[in-house]
Structures are given as structure tokens and as C-alpha cells.
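A quick write-up on the structure given underneath.
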Amino acid sequence: MTPHTGTRAGTKPKEEPPTLDRTTFGHRLRTARKRFGWTLAQLAERSGVSITTISRAERGQLALGYENFTALGRALEMDMNAMFAGAGVKPEQFDGPVVTRAGKGVVYRGLAIAYEFLGTTVAGKQMSPIVGTVHARRINGPEDFVRHAGEEFAYVLSGEIDVHFDNGEVVRLARGDSLYFDSRLGHAYVSVSRQLAKIVGMTSGESGHMKSAREAPALKPARKPAKTAPAKKTVRGRKG
């Protein structure tokens, strides 16, 4: 008698997406730091991430939020794709179209979002696309707000989310809604639907074009020319 496996005849069990666990991530982070010969204190000084946070992350005891792992990536002069690529996969230069099949991104469970990183085989991408499952249900304090250089886009695939900003603004997004914003403004995602919401997200670093656009002086409206009084007609008398 064949035991029941829970799958239909002729169908393959659904494969789970590859997951980057905390231990593997921590090992990669420590290896990158050691490559520079830096102590925890030196990396903390260069990245702005606390020694305690880096140490716990390296030991696989802490999941990092987006702000922290991007700050560490910048300090280590490291393409974050190398950190999130699948086991044995080395990112390569972007020399052609890159396909990520359904469920084949690399998943990392952060503090508020489980990120499925896409296109991780490409080194030096200008954008970082993810499919995210928002598992945060509330804002616990100021430490929940993320800030990073560049811009961010989010599109809701299912469920509903509230996007909280540290200026007090809250934006409710339902399925099919999207949001684009300056990611230097502190922000936090929270699922408010019964099931955890799923989003497509995109972040970009601050390019020279973006920086110059922000620093450019605001254009003043053109001044309207002053109205001139109509010229007076001179009536000359006839000679008598």
C-alpha cells in the first residue's frame, strides 16, 4: 500500500524558494569584514551600525533591517547581490537579460518584511527589486523606521498595508495600489489585512542626477512684464 503523500499523482511537490538563513548571512558578513582586516569597531564607525548589532548579525543571532544591511554594504564596498545570492552563485556583470523564475528568488527574513531578492546574479544593479511579505503588525517605536539614500517604490500584490512615515503621515494601500517616495524619509510597513500582505518593491541608490535635481535652486516664476500706459496721441492744430 502506497502511503498518501498529500500531492496529486503526476504533480511535483511545490519547491520552497531558496532561503538565506541568519547563520549563512552572518558568515558572509564576517568574511567581508575580515577581507578588509577591520575590527567590529572599525566597521561600526564606517557604517553607522552599532557594534552590538554587527556582532549579533555575524553570529546569526539577529535579522537585519534594510537600512542596516545597505549601510554595511556601502561600508564594505560590496554589491549586496553577493550577500544575497544563492549558495555557490557568484554575481556577474550585467551583460544581458536576467530572468528570475517564480519562487526562485533568495529569501531573507528581515525585522518587518521577508524579502525575496530578485535578479541576485547581477552585479552592480542600479535598482534592487524584491517581492516582500510584510509580517510586521504594529509600530513598536522609532527604531522601526527605516531610512536610506535613494528612492523607493511599492506595489501591493495582495492584502493591505499601512506605510508609516516619521513625520506622522500614514498611507493605506490595498491590492493594486502603489507608492513612490524619497526613502530618506523614515518609513515602516505594517500589514493591516487578515492575511499578511505581499508587495513588489524597488529601491534605488541616489544617483548624481537625483542629487543635482534635489540641490538645484527652485525656479522662480517668470515675472510678467509691467503694463505700459498707452501712448498719448498728440493732436496738432491746423494752421489758420
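No lab work stands behind these numbers, since they all come straight from the coordinates. Being a predicted model, the structure only gives us computed values, none of them experimental. For neighbour counting, all protein chains shown are included, and Cβ atoms are generated from backbone atoms with ideal geometry for every residue, glycine included.
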Worksheet, complete the sentence: Sorted by chain and number, the residues with a modelled amide H under 5 Å from that of G65, at a separation of 5 or more or across chains, are L111
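Under 11 Å from the Cβ of Y180, count the other residues' Cβ atoms, weight Lys and Arg +1, Asp and Glu -1, and hand me the total. Write down the numbers at each step before the final one.
Numbers: positive: none; negative: E151, E152, D182.
Net local charge, Y180 excluded: -3.
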Response to the item:
Between H135 and residues 5 or more places away or on another chain, the pairs with built amide H atoms under 5 Å apart involve I113, A114
Item to complete: Apply the Karplus parameterisation 6.51 cos²θ - 1.76 cosθ + 1.60, with θ equal to phi minus 60°, to every residue of the range 25-41 and state each ³J(HN,Hα) to the nearest whole Hz, in sequence, with x for glycine and proline.
Response: 4, x, 5, 5, 5, 5, 4, 5, 5, 5, 4, 8, x, 8, 7, 4, 5
Worksheet entry | Vicinal HN-Hα couplings computed from phi for the range 131-138 (Karplus, 6.51 cos²θ - 1.76 cosθ + 1.60; Hz; Gly/Pro x) | 10, x, 9, 7, 9, 5, 10, 7
